[in-house]
Amino acid sequence: MIKRSILALLILAASAFADFSFVHVSDIHVGAGKNPSNGETDARLFKEISALDPKPAMVVGTGDVCENGTAEQYAEYQNVLKSLSIPAYMATGNHDVRWNPLGKEGFTLGTHQPLFQSWDYTDKTGIKVHFVLLDSTVLLEHWGHFDQHMLDWLAADLKKTGTETPVVIGFHHGIGWDAVFADNEQQLMDLVEPYNIRLWLQGHGHADIQWNVNGVPAIEVAGLYQQSYAVISVTKDQLTVTRRMLGKPKDKGELLGGKAAPRDVLHKQILTIPLKKQPAPQWSATLDGTTLKIDRGSLPAESGLAYRVNTTKYLPMDASTISIDTNDFTAGEHVVTVQATLPDGRSYQKPLKLMIDKAGAPKPLWTTNIGGAVQSVLLRSGENVYLSTMGGDVVALSATDGKEVWRTHTGGAIFSSPIIDSGTIYVGSADHNVYALSADTGSVKWKYQTKGGVFASAAVAKGIVAIVSVDKLIYGLDATSGSLKWTAPVDGMYQSKAATDGERFFFAGWDNHLRCIDATTGKELWSNAIGKNPAGQIAMPYSPAIASPTYGDGQVFVSTNDGTLHAVDAQTGKENWTFCNKRLGYSGPLFHAGKVFTAIGDPSKVFCLDARTGKLLWMTGPRHPANEPRIASSTATPVDPKTPGSDVALPVIYDSSAAFGGGNIFIGSVDGTFNAINADTGELDWQYRLGPGHLLDSPATDDRAVYISSMSGRVTALPFK
């Protein structure tokens, strides 16, 4: 008790003479944990924070408020929040949106806070600090990204704040260190460079660590349920950061009397940060071909230099000029980042573009930036390429030159993929509406309002547009007028694209069901419960929810998150065959010419199967997955090491699904690598790197080219050869 009191004096000493203080928390994860639950621990820590003397002005949280983002968990969070007697400002985390049945709207409803916000705090002596919380999450994903419309808002917010006012910025995914979580972190760093950013607040990693981003300290705290937070004390001259955390377990973590060994509560002062921005050193980095040159300028002699290519770890530079070995690089755009670390711990980064040409790889026909992240399936029809963006736009580009033909804005993000039928584009929006747009002009023919966001994508049959809303209803709408013809209930959130055979619709979602619905009446004809946990039980996390079902040759093909591809008779629902390879479930299957093509993520592989029998015809990917974790309830389908196809390591494939064109199938990897694989043999034909931006969307093709985008908003047309 005496030892703990002495340690507590550190935090008291830092804040006793402060003009005000605030507390940084992260990764609260209400809804998880047992004996005690996270909520019980969080409430206890909130009471402790409320009792600090002097009393903090506020709590600033950097994401993962809840474990899965359900309404029940947010209700528990609101109850936990009653233990806190000071204001709380919360940012989104991936756990708040990845499985949230309402998407990001579920966070705003559950926390009663916006997705991003700013405010000033001025103490009684006149010291003012500007606070900003950003949304670094990607809808229905765990990746990080800063949406363009939010960055536009931030630019205006900081311009209004001015270059002298100290600014603290918080969000969930860390930036500026070895691991790259947010694909456009550089865009954020460039935007804030003129301003007096004094501290970055981060979460996600569940660790008590700190680092430096372009001269600005960044701190991450472990989860609040892990009994960690930081107190930041503010005076007229500086910020002082003191961690509250648990020490290492006593007795080497052994259990004592059935309980975990006790751990001391530690308080450690880690940073003192001047409120006035420190001048940055003047130095430069340039690329001449593959030769990297550094002009040290005013860098102190003891400064260390390191570089990395794309998202690899930094490598030390022993000289100011080095040659980068690009023999193993794919064609396309790469980024070389040079980092200078000063003796006082400040680090500064400079990114450089590196373009690589490779024999056999194509060069883009055109590239266009549409100003919004793309997570959907591209559509190629008539003279145009159609895309939807997370900025709420449907955009038509000329397939010939990439010039914008039209743009239609909706009131919410568009995860839904556009489809076309008889000259009309159909798409859903997070603004709760289903839209029918003229394919020629983008004008709204009609829109129908549901009672929730529409993340799923539609199908059209017998004059009916069928699409699912997060209000747990399938809507059958007249394709011409938008009038409601029927509804059918589901038991969970649906985010994938519907399939049709012209008579029936097929839907799959987070309620573990593949459903067949009569196009005319909306009557459910059959449904299959699929997706099992390792114990062999039907379980929500293993649902057929992410990979869209596809129809071909009298069968419906769909993947479940337990790693299994199912081939089901479209009329009866009878399962004809399955193929399991542990990691299937995110990338949707493609049916073409009697074959089914499907992919898994990490390590990435692409499979070609006979659609009638499920026989494996070829595989592209590594042949030696000896220690791959098994998540499926059944044993993986054996793969003969002599199976035809390229034995290569493909970058991680996530939500991107394959498209066929010019004898190849095309599929994207998350790091921006675009892969072309021979559809007959499984041999890797070529790869092209699109540059920074998570690639989570799926391509479209015509008779000459393949079209692909990414979270960067850049759309690229690549010729088949």
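The values are calculated or read from the model by the stated rules, or taken from the named source; none is laboratory data. Please read all numbers here as calculations on a predicted model, not as lab measurements. So basically every Cβ, Gly included, is an ideal-geometry build from the backbone, and we count neighbours across all protein chains shown.
Per the conditions (1) in contact with a Pro (Cβ under 6 Å, 6 or more places away or on another chain); (2) outside the structural domain of G442 (by TED's automatic domain parsing), the sole criterion not satisfied by S388 is (2). Which of the residues belonging to the stretch 111-160 are outside any loop (DSSP other than H, G, I, E, B), of a type outside the set (A, V, I, L, M, F, W, C), over 30 Å from S587 (Cβ atoms) and out of contact with any Leu (no Cβ under 6 Å at 6 or more places or on another chain)? Those that are outside any loop (DSSP other than H, G, I, E, B), of a type outside the set (A, V, I, L, M, F, W, C), over 30 Å from S587 (Cβ atoms) and out of contact with any Leu (no Cβ under 6 Å at 6 or more places or on another chain): T111, S118, D120, Y121, T122, K128, H130, D152, D157, K159, K160.
For D64, the conditions (1) within 21 Å of the chain's Cα centre (by Cα); (2) over 21 Å from A182 (Cα atoms) all hold with the exception of (2).
Going by what's in this entry, would L266 be described as assigned to a strand (DSSP E or B), assigned by TED's automatic domain parsing to the domain that holds G174, at pLDDT below 95 and closer than 30 Å to P166 by Cα? First the steps, then the outcome.
Values: assigned to a strand (DSSP E or B): yes; assigned by TED's automatic domain parsing to the domain that holds G174: yes; at pLDDT below 95: yes; closer than 30 Å to P166 by Cα: yes.
Yes, satisfied.
Only a single criterion out of (1) within 14 Å of the chain's Cα centre (by Cα); (2) farther than 27 Å from L52 by Cα is not satisfied by E164, namely (1). Of the set (1) surrounded by fewer than 21 Cβ atoms within 10 Å (Cβ to Cβ); (2) at pLDDT 95 or above; (3) within 18 Å of the chain's Cα centre (by Cα), all apply to L154 but (3).
A single entry from D42, D96 fulfils the requirement of being of a type in the set (D, E, K, R) and either in contact (Cβ under 8 Å) with a residue 60 or more places away in the chain or surrounded by fewer than 17 Cβ atoms within 10 Å (Cβ to Cβ) (or both): D42. Are any of the residues in the stretch 541-553 among the hydrophobic types (A, V, I, L, M, F, W, C) and either over 15 Å from H513 (Cα atoms) or touching a Pro at 6+ places or on another chain (Cβ under 6 Å) (or both)? No: zero hits.
Checking the conditions here, which among K55, K124, K34 is more than 22 Å from I197 (Cβ to Cβ), modelled with pLDDT of 95 or more and surrounded by fewer than 19 Cβ atoms within 10 Å (Cβ to Cβ)?
K55
Out of L354, L379, one residue alone is in contact with a Pro (Cβ under 6 Å, 6 or more places away or on another chain) and either touching a residue at least 40 places away in the same chain (Cβ under 8 Å) or within 27 Å of H145 (Cβ to Cβ) (or both). It is L379.
Please tell me if K55 is basic (K, R) and under 29 Å from the mean Cα position of the chain (by Cα). It is false that K55 is basic (K, R) and under 29 Å from the mean Cα position of the chain (by Cα).
Would you point out the residue of the stretch 496-536, among those that are part of a loop (DSSP other than H, G, I, E, B) and of a type in the set (A, V, I, L, M, F, W, C), that is nearest to Q555 (Cα to Cα)?
Here the answer is A498.
Can T408 be described as under 28 Å from the mean Cα position of the chain (by Cα), outside any loop (DSSP other than H, G, I, E, B) and under 20 Å from M711 (Cβ atoms)? No. Residues in the stretch 448-478 that are over 20 Å from S698 (Cβ atoms) and assigned to a loop (DSSP other than H, G, I, E, B): T450, K451, G452, G453, K462, G463, V470, D471, K472.
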